[in-house]
1. How much accessible surface does A:Thr8 have with a 1.4 Å probe, in Å² rounded to 10?
2. Restricting to DSSP H runs of at least four residues, report the calculated mean residue ellipticity at 222 nm for the protein assembly as shown, -39500 (n - 2.57) per run over all residues, nearest 500 deg cm²/dmol.
3. Can you say what percent of the DSSP beta bridges in the protein assembly as shown, counting only those with both residues inside, are antiparallel? Round to 5.
4. So with the 1.4 Å probe, I'd like the accessible area per residue for the stretch A:238-346, rounded to whole Å².
5. Exposed loop chymotrypsin sites (Phe, Trp or Tyr not before Pro) only (DSSP loop, at most 13 other Cβ atoms within 10 Å): please give the longest stretch of chain A free of them, not including the sites.
6. Please state the relative contact order of chain A as a whole percent: Cα pairs under 8 Å, 6+ residues apart?
7. Do you know which residues of the stretch B:9-37 lose at least 30 square angstrom of accessible area in the protein assembly compared with their chain on its own, with a 1.4 angstrom probe?
8. Answer rounded, prolate or oblate for the stretch A:720-773, using the Cα gyration tensor with square roots of eigenvalues a ≥ b ≥ c: rounded when a/c is under 1.5, else prolate when a/b is larger than b/c, else oblate.
Amino acid sequence: MSRLRHTTGRLRAFFTRRQLDTDLDAELTAHIDLAVDEYIERGMTPEQARRRAMLDFGGMQQAREQHREARGLMSLDILLQDLKYTLRTLGRDPGFTAVAVLILALAIGANIAVFSVVNTLMLRPLPFQNAQQLLWIAPPPTKCGLSCATYSTDAYDEFRAGSRSYQDVTGYFAFSSSDNLSLKLGSAPITATSIDVIANFFQMLGVQPAMGRTFTADDARNGAAPVILLSDPWWRRQFNADPNIVGKTFDMNGHQTTVIGVLPASFDFGAVFAPGTKVDAITPLNLYGPPRDWGNIITMIGRLKPGVSLAQAREDADRVAPNMCWNNKRPGSCGSYARHNDTGGVVPVPLKDYVSGKLRRSLVVLWSAVGAILLIACVNLSNLLLARSAARSKEFAMRGALGASRGRIVRQLLTESLVLSGAGALLGILLAVTLISWLAHQGAIALPLLSTLRFDGASLGWTVLIAVSAAVLFGLMPGLRMAGGNLHETLKDTSAGSGQSRKHERTRSVLVVTEVALACMLLVGAGLLLRSFMHVLDVDLGFQPERAAAIKVEYDDNVPGDKNGDLSAQKRAVIFQQILARVSAIPGIEAAGFVDYLPLSQNRAWGLPFPKGVRRPDNINNGPLVYVVTQDYLHAMGSRLRGRDFAWSDGPHSQNVVLINDSYARFLAGYAHWPNNDAVGQIITNDPSDPKNDLRVIGVVDDVHEENVDGDAGWQIYYPATQASPSGAELVVRTTLPPATLGASVLRTLRDLNPKQPLAEFRPIQSLVDHANSPRRFFMLLVAAFAGLGLLLASLGIYGVISYTVTRQTSEIGIRMALGASAGLVQRQVLVGTLRLTLIGVVLGAAASLATAKLIASLLYATSPWDGVTYIAMALALLGVAAFSGYIPARRASRISPMVALRAN
Amino acid sequence: MPPSKLDLLQGTLDLMVLQTLTAMGSLHGYGIARRIEQVSGNQVLLNQGTIYASLVRLEQRGWIKSEWGTSGNNRKAKFYSITKAGRRQLAADARHWERLTGVMDRVFGMGKDADEVLGESENPA
């Protein structure tokens, strides 16, 4: 107990120092006075008495010191002393301090920002309750994208009933397109994006609504009243954050829909499941209505029971998969989900891995890059501090001579480093927070969870960690060097060229070489990523995104009493033809056509038409992506076609025609034995038993990159809109003028023809491509920025060191010039010295890059990590920058007047 | 040549202060230092100033308390007095000292009774 009192007493004493010191002084004065009084009483004179009293007392200052030591926290006192001294010395040299703090701020700020990104995307659990229990259930990714990662209603039911590992399984409808919700509030309908989810979606994820309630099973039944959940941003934007919104009904997609709740701001469907898209509202999916026959439409997400492992869930899935049927009414479709030779299968993976697993490599590279920046900054600062300490060597020698222990001096220098590092960290936090909030608002970058990026406790902890580590890293070495100096030598006047400075010279050279090597590695990495990105931009997408744009069109092809779809098809043909004719007449429009799924966004697949007469092999699970298009769509997209395009004459009563893409044609040709392996003119069919279902291939289209830009194109098949029913209509136009200028006219034409046409967005096709490339571009830009920063720091470092060397060698240079060396020779020698150092650094850096090339290889597209051009270009860039950095000191050296140099020592 | 004065350890000075305050009641710093000098018959090496470190230690531990007052000849000084906790601590320390000196006595008396001790240990009894 007394120990606690003692400690609190000491802490209190620390904070009330001044008062206690005054008290003590009063006490000591009283003590002396009392002693003097006593001695006077004994008969001494006042002077004698005072002298005797002081002798008896002992050292006054010593008594004070002992008192202070006994009462306070000695270490804290020393720390405070060091701190005051540090601030004073740093304040005396504002140029150095500013540069050092700036360098640290940039490096630490970059590190904080990247750590926050890594934390958000990779380390932090998903923003759901007990997120580690959530699994994404799908076969491993294949060429047909989401079509192959989804399940039918019957399959979902079977999985949910038959599995033993899950608390619950839910899912959502994977084939919604953007702007699929039409809200009629005023004269013009407003479009928004909504997603259908299974009724237990929010319960399973553990998401509580901010207002109202989430779905129940009743909301998803046949004939249930339409209900909708609003997302927080849409509720604020569209409905002005109406606090009484729950219970209100609106006309959505033609039905009176009731708002039953508002989702919390922390829930962002797009951030987790559809990066780069904004989902405005969520509706319940009626699994047992029409969607039951739509085929594979649901993605599955499951929550593990506590204590069940992933491996057990996998075994469970393997057991259940063969019982899952595509459609219970067709027994032949059972077992199609089971694994066949490594394809297909029902494979649960942790949801977190599905969401951000692909990014792991890129994030590791990014983290390494920013770590290299920090190292370069530390090396730079080490050099700066070394140079500065060399100037203060006399001061340290004096302190050592006066009794300061080596540890004390090192502690002093470490305090300096910590203060610099702390100031750099504070400024760095400012920079990082700015960068982070900017990044979090970049909705266009298709990276998951990016909108949840923020500076939180973990980031703060990381800041402290790297600030302290950096301080130790760059502060320790100069500190040890300084404190370990020979006292006598330093106290005497030393001339340039003594052993001490030569050792310093070598240290500095080593540091510069390290800097250059690190910068070289960064540059090579950035160069490779840049080259790879250029290659991606050059990829033949199979269509021409420039000067093409798309807009979603509303149409009504409903014909009551139409039994087999023929009447609808005819009505549709009329509507489409009319629209296309009017739109094509707009000046500046070169071509126009309709499609139901745009490339690089959603897609879907069904069927597997095979050459007629050839037996279909058993082991193929997935068919081609299906597009329902009109005549001229391919022209509008800029896709190349061999054969003929669809015509309006290809109607419901003429022969069924299709277009297939090159990959599919080659695949089919492998099974059929067509003359010249040419598919044009051949018959393929989904259903050999019925000749009515024969499909004639009238043309072969060049492969289009539908799923992603840098992958392989899969199989694609096009049906005419006059014979098949499209899932929606996107009007695609090719323009001679920039697309943005024609948006208004196109929309006006559409609204003239159909007043119910909502104010949809006229999107350039290029934006789809950019969106698909956005993650790659994002990483490349970041790494390039870091490489640029590293180059800047390295050049500053080189400049600093060479400049310092020239200063130290002033008299030597003066002698050389007095002996006849020309200014040009001196300049050249300095430059050669610079380049030599840089060359060593470049060689080391290149070697290190070659060794670690594997790390980056998986991020590169069509670029080898040993790409010679990049290495040579970066080496030349570094040498050039080094020459430039060394040029100014070189000129200064050449300008040295021998007389002045020799006189000043 | 007078025998050299004994150097005082930190803890023993604290103890002396406590005892002085117990015996003398309330005293100022100078008074305590003088008293210790007198009682020890000037055999203790004491820089009077060192007492202040001792006093602040004891006060922080709660064993003594202080207040400003006036001395006999109208000097303003800080007077210290022992607290109840201090008395308890003093009693405990005094017991500890007795035990210590008792043991040390026996240890230093070891030479004279060496045979006795050895003899005792040899007997299996």
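1. Around 70 Å² of this residue is reachable by solvent.
2. Working: 33 runs with 536 residues, N = 1030.
The per-residue figure over the protein assembly as shown is -17500 deg cm²/dmol.
3. Details: 67 of 87 bridges.
If we restrict to bridges inside the protein assembly as shown, about 75 percent are antiparallel.
4. Working: 5050 Å² over 109 residues.
Result: 46 Å² per residue.
5. Details: sites that count: A:Tyr288, A:Trp866.
Longest stretch, sites excluded: A:289-865.
6. On the way: 1527 pairs, mean separation 133.8, N = 905.
Worked out over chain A, it gives 15 percent.
7. At a threshold of 30 Å² (probe 1.4 Å), the residues of the stretch B:9-37 that become less exposed are B:Tyr30, B:Arg34.
8. Numbers: a/c = 1.86, a/b = 1.14, b/c = 1.63.
In terms of gyration-tensor shape, oblate.
The values are calculated or read from the model by the stated rules, or taken from the named source; none is laboratory data. All figures in this text were calculated on a predicted structure; none of them were measured in a lab. Backbone-built Cβ (ideal geometry, glycine too); neighbour counts: all protein chains shown. What goes into the accessible areas is simple: the full protein's heavy atoms, side chains included, and nothing from ligands, DNA or RNA. Shrake-Rupley method; radii C 1.70, N 1.55, O 1.52, S 1.80 Å.
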